[in-house]
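Let me begin by presenting the structure, written as structure tokens, before commenting on it.
Values in this text are rule-based calculations from the coordinates and carry no lab data. As the structure is a computational prediction, the values presented were derived from the model and not from experiment. Positions of Cβ are backbone-derived with ideal geometry, glycine not excepted, and every protein chain shown enters the neighbour counts.
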Amino acid sequence: MMNFANYSKLSLTILVMDENIHNATFLKQSLVYLGHTVSVFYNASDALDAYKKNPGEFDALITDGEFFKFLQGVAKYNIAKTAKDNEKDFLNAIVSIRPLPILVCCLYSSQIDAIKSQLSDCLPLDYLDKSEKNSVKNLNTWLNNLNITQSHREETFPIYQLVYASKAVKDFSEDDLVNILQFSRQNNKKKQITGAMIYSKGYFLQMLEGQRNAVNELFNQHIAKDKRHEMVNCFFKNHVEKREFPEWYMGFFRNEDNEGHDLLELIDFKAHPAGKFFRDKLADTQQNFQGKYPIPPDYQVGNEISWIMEAMCSPSMRLIFEMTHNTEVAFETLRLKLGLDCLKTGVILTDVE
């Protein structure tokens with residue numbers, strides 16, 4: 001398995017237009033796993049309508065090199081015009097509403113040359129050769145190089161972080177994983193929650209950060225009740241001074257063996273921003289429980305994260321976390337009681353928020 005050290009620096013909302021369902025599905029999966037929210041359309045007319053309704057929602061447009069076929073779905077398509085003129089009508093319609101970066105994915109370099117020869121240089125187009133071995137990595141590089149910044153977030157301190165582990169149910173599918181990431185980013189953006197998720201060998205490890213009420217509501221009302229996973233163990237809750245992942249509405253890291261294409265290659269965990277965070281948070285856990293849960297031989301070579309995630313979903317580990325949490329609560333309650341016992345006046349208590 002190769003190292004894929006690139007990662008998404010921003011969670012973008014991307015409009016995808018591709019008449020080929022198979023290609024569109026793969027492109028959507030790629031973009032979602034790279035950290036983005038994706039809206040897919042199979043003809044230009046629907047894509048154009050969606051863009052007209054909410055142009056400010058999208059950060060980029062990605063489409064296929066078979067442009068001329070798409071034009072048949074554009075309302076303005078006029079058979080009397082040349083393909084080049086129709087092409088300009090569609091692209092100019094997009095640009096005239098609100099300019100945004102456009103990437104054309106072509107099957108080979110000669111197709112790129114053919115399109116360039118028929119289109120005006122003034123159109124804001126970039127091209128990607130899908131036949132190249134590192135096409136997904138090149139796609140991610142293009143997205144990371146876009147001059148796009150997140151909208152200003154009015155931050156209220158302190159920031160509340162929550163980390164949990166869970167296990168996917170037996171019939172968990174790729175579509176389930178994509179849907180979880182899509183929903184997470186859309187929902188988190190509305191509630192100003194950021195974070196990162198790791199998925200490895202059927203186990204989840206996720207960190208959420210934001211305002212405490214919003215994070216707890218998301219975890220208790222949605223995540224804990226989701227039937228697509230089980231053995232949910234929340235093992236870290238704390239207030240911090242700043243966000244760990246301010247640009248990710250839900251960053252994603254996947255660690256799977258024997259994957260068939262470069263999309264799911266192992267991202268270099270040490271180079272990935274989520275890697276350092278989770279390693280630091282789990283270091284004490286690994287040291288404390290490695291005696292009770294020895295790392296199996298097949299996990300020892302750079303893959304201890306899978307063992308940690310699996311161990312933290314065990315019933316005994318859940319009991320340990322619950323006992324630790326209850327002890328902390330009892331200690332805080334005792335401190336309050338001892339302090340209040342010394343007072344002879346009325347007292348109003350409130351939390352940090």
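Data for the structure
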item	result
Modelled FRET efficiency - R0 30 Å, residue 57 with residue 239, Cβ distances, 0.05 increments	0.40
By average C-beta atoms within 10 angstrom, highest first, the peptides 233-242, 176-185, 335-344, 158-167	158-167, 176-185, 233-242, 335-344
Inter-label distance, nm, simple model (7 Å from Cα along the C-beta direction), residue 10/residue 192	2.0 nm
Virtual spin-label span in nm between residue 26 and residue 108, 7 Å along Cα→Cβ	1.6 nm
Distance (nanometres) between label positions extended 7 Å along Cα→Cβ at residue 98 and residue 116	3.0 nm
Efficiency of FRET between residue 349 and residue 226 - r from beta-carbon atoms, R0 45 angstrom, step 0.05	0.85
